[in-house]
1. What residues qualify as long-range amide H neighbours of Thr82, i.e. H under 5 Å apart, gap of 5 or more or another chain, H built at 1.01 Å from N?
2. In whole angstrom, note down how far apart the Cα centers of the stretch 93-127 and the stretch 1-60 are.
3. Along the Cα→Cβ direction, 7 angstrom out, place labels at Leu104 and Val77. What is the inter-label distance in nm?
4. Which residues' amide hydrogens lie under 5 Å from the amide hydrogen of Gly33, considering only partners 5 or more residues apart or on another chain, with H built in the peptide plane?
5. Amide H to amide H under 5 Å from Asp70: which residues, 5+ apart in sequence or cross-chain, H placed 1.01 Å off N in plane?
6. Tell me, what is the FRET efficiency for Arg11 and Lys132 to the nearest 0.05, using R0 = 30 angstrom and their Cβ-Cβ distance as r?
7. Towards the positive end of the charge dipole of the chain, with charges on Cβ (+1 Lys, Arg; -1 Asp, Glu), say which of Leu93, Gly18, Tyr79 has the farthest Cα.
8. Through the Karplus equation 6.51 cos²θ - 1.76 cosθ + 1.60, θ set to phi - 60°, convert the phi angles of the stretch 63-76 into ³J(HN,Hα) values in whole Hz; use x for Gly and Pro.
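Quick note: the coordinates plus some simple rules give every number you see, no bench work behind them. In this text, all values refer to a predicted model and were calculated from it rather than measured experimentally. Here the Cβ positions follow ideal geometry from the backbone for every residue, glycine too, while neighbour counts run over all protein chains shown.
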Amino acid sequence: MIYEPHQCPIRFGLGTFGDRWSLLIIRDMMFRGFTRFQDFLDAGEGISTNVLSDRLRRLETEQIISRQKDPANGRQVLYNLTGKGKDLLPVMLAVIGWAEKYDLQTNVSSAFAARVRTDFSGVRDETLAAMKQSCSDLAAQIGNRDK
C-alpha cells in the first residue's frame, strides 16, 4: 500500500488503487477488455515496462486483479479484474462523469456521459454484464483450447 490507511477511507483508497498508472490499467481492463501485458504497453499512455510490471504486481497483491498463465501460450500471462476490482466500476463511472463535466478536453461521448449522469445504475449494470460476458468468452476460449 502506498499510504497507510489511518482509518480514513480516502487514504485507504489512494493507497490501494490511487496512483495514475493503476487507475489507467483498471480503466483498460474494465472498458477496453485488455488482458495482456502488451495490451497495456500499446494503450498509448507511455507507461514503461518496469512501471507496468510494478503496478500489475501491486494490483495483484491488493487482489484487484488476478493473473494466470495463458493456456494457449505458456509464456504469456492473462490479467483479469477480480470481484474487488470490478467493485471499482462505480468509482470509475463517477470519475468519467465528473471529468466530462469539468474538463473540456475529456474524450468521452456526450451520450455516454449523459447516461452516466441520468442512469448511473443502468450503465453500471450494463458494463458489469459486458465484463462478465467477456470473462465468459475468455473462459470458453480457454476451455476449447484445452480440448
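1. Ile65, Ser66
2. 21 Å
3. 4.3 nm
4. Amide H to amide H, under 5 Å and 5 or more residues apart or across chains, Gly33 pairs with nothing.
5. Correct list: Gln76, Val77, Leu78.
6. Working: r = 31 Å, r/R0 = 1.03.
Once rounded, the FRET efficiency stands at 0.45.
7. Tyr79
8. After applying 6.51 cos²θ - 1.76 cosθ + 1.60, I find 6, 8, 10, 10, 10, 8, 5, 6, x, 7, 8, x, 7, 9 Hz.
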